[in-house]
Structure formats: C-alpha cells, structure tokens
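Below is one structure, written out as structure tokens; comments come after it.
Every read-out reported here was derived from the displayed coordinates using simple, explicitly stated rules and does not represent laboratory data. Computed from a predicted model, the values in this text were never measured in an experiment. FYI the Cβ positions are ideal-geometry reconstructions off the backbone, even for glycines, and counts take in every protein chain you see.
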C-alpha cells in the first residue's frame with residue numbers, strides 16, 4: 001500500500017511526492033528537498049468561488065479520498081477544491097454552475113477553440129472527446145465554477161494553463 005507523502009506545499013498545504021516540481025493543486029514551484037522555499041505563482045485570492053451541491057459533494061469527497069490512498073495525482077487538487085467550496089442544496093446551485101453530468105462549453109488558454117464535453121465520474125469516462133473526468137486536472141478545475149469564470153490549472157506534465165467556462169449548456 002502506498003505511503004502518503006509528508007511533504008506539503010507551503011502555499012496551499014496540499015501533499016506532494018518528494019520528486020514533484022510543481023504543486024498539482026495551486027501550481028506553485030515546489031522547494032527542492034532541503035532547499036528553497038516555495039514561490040507562489042497563483043494566489044488563492046484570484047481563484048473563483050466554487051459552488052458544489054450536497055448531492056455531488058459526498059460522492060466527490062469519497063472519490064478523492066479513495067484516490068488519495070493510491071497517490072492519484074489529482075486527488076489533492078480535488079480535495080483542496082472541495083475544502084474551499086460553498087456546499088448547498090442542489091436547487092440552490094445556479095444554472096450557470098458546472099456540476100457533475102453537466103454539458104460544459106469551455107476554452108483553454110492553449111489556443112484551441114471552444115469545446116463541449118460532459119463532466120463525469122471516472123467510471124463514466126470514455127476517451128471520445130465527449131467527456132471530461134472530474135479526476136483530471138481540467139475536470140477538477142472546472143468543477144463548481146460559473147459560466148464566464150476562468151480557473152488556472154496545472155496538467156499532469158506540469159504545464160500551466162487556464163480554462164474559461166463559456167456556457168453550461170445542460171445541467172441535470
């Protein structure tokens with residue numbers, strides 16, 4: 001069974017493996033073991049507000065904790081986002097908020113045009129381009145933000161991007 005890391009980001013508190021270069025949660029450059037302090041590159045003050053329904057919250061928290069035990073690279077990011085989220089009843093979540101099973105029109109700062117995909121749990125993900133898993137950096141970044149908002153994220157290779165939700169085209 002994998003051992004949970006004792007290393008924590010000085011900026012956001014997320015756990016990271018000793019070999020990590022950037023924090024998956026907030027994108028800061030991590031200190032070298034025994035060396036530099038972390039240099040913040042994304043302030044939590046500029047992150048958009050996150051709204052999660054009570055229906056989604058419990059399942060997402062359980063999913064993230066299970067994946068944390070297997071050192072999934074996005075588990076800490078998702079847990080961090082859930083910790084800062086406002087949790088409310090499903091009928092109190094605005095229709096412009098990205099929730100699980102929403103069809104989302106979004107644009108990444110990588111220069112591609114708008115794309116549409118459904119936010120899904122990992123077991124419902126199919127690599128057809130029609131789905132975004134909540135356990136991916138992109139999915140965790142979009143979860144809970146409103147149409148028109150922009151969220152920075154770091155991909156699994158350490159490259160930094162941002163995603164803008166243009167529209168929540170369908171929400172269950």
Problem set entry | Whole-number percent relative contact order across the range 63-172, with pairs defined as alpha carbons under 8 Å at least 6 apart | 29 percent
Problem set entry | Backbone N within the range 95-114 under 16 Å of label point (7 Å from residue 146 Cα along the Cβ vector) | 95-99
For this session: Tell me the label-point distance for the pair residue 105, residue 156, using the 7 Å Cα-to-Cβ offset, in nm and rounded to one decimal.
Result: 2.9 nm
Exercise. In what sequence do 170, 121 fall when counting other Cβ within 10 Å, fewest first?
Worked result: 170, 121
For this session: Find how much the distance from residue 46 to residue 86 grows on full extension, using 0.36 nm per residue of separation minus their present alpha carbon separation; answer in nm with one decimal.
Result: 12.8 nm
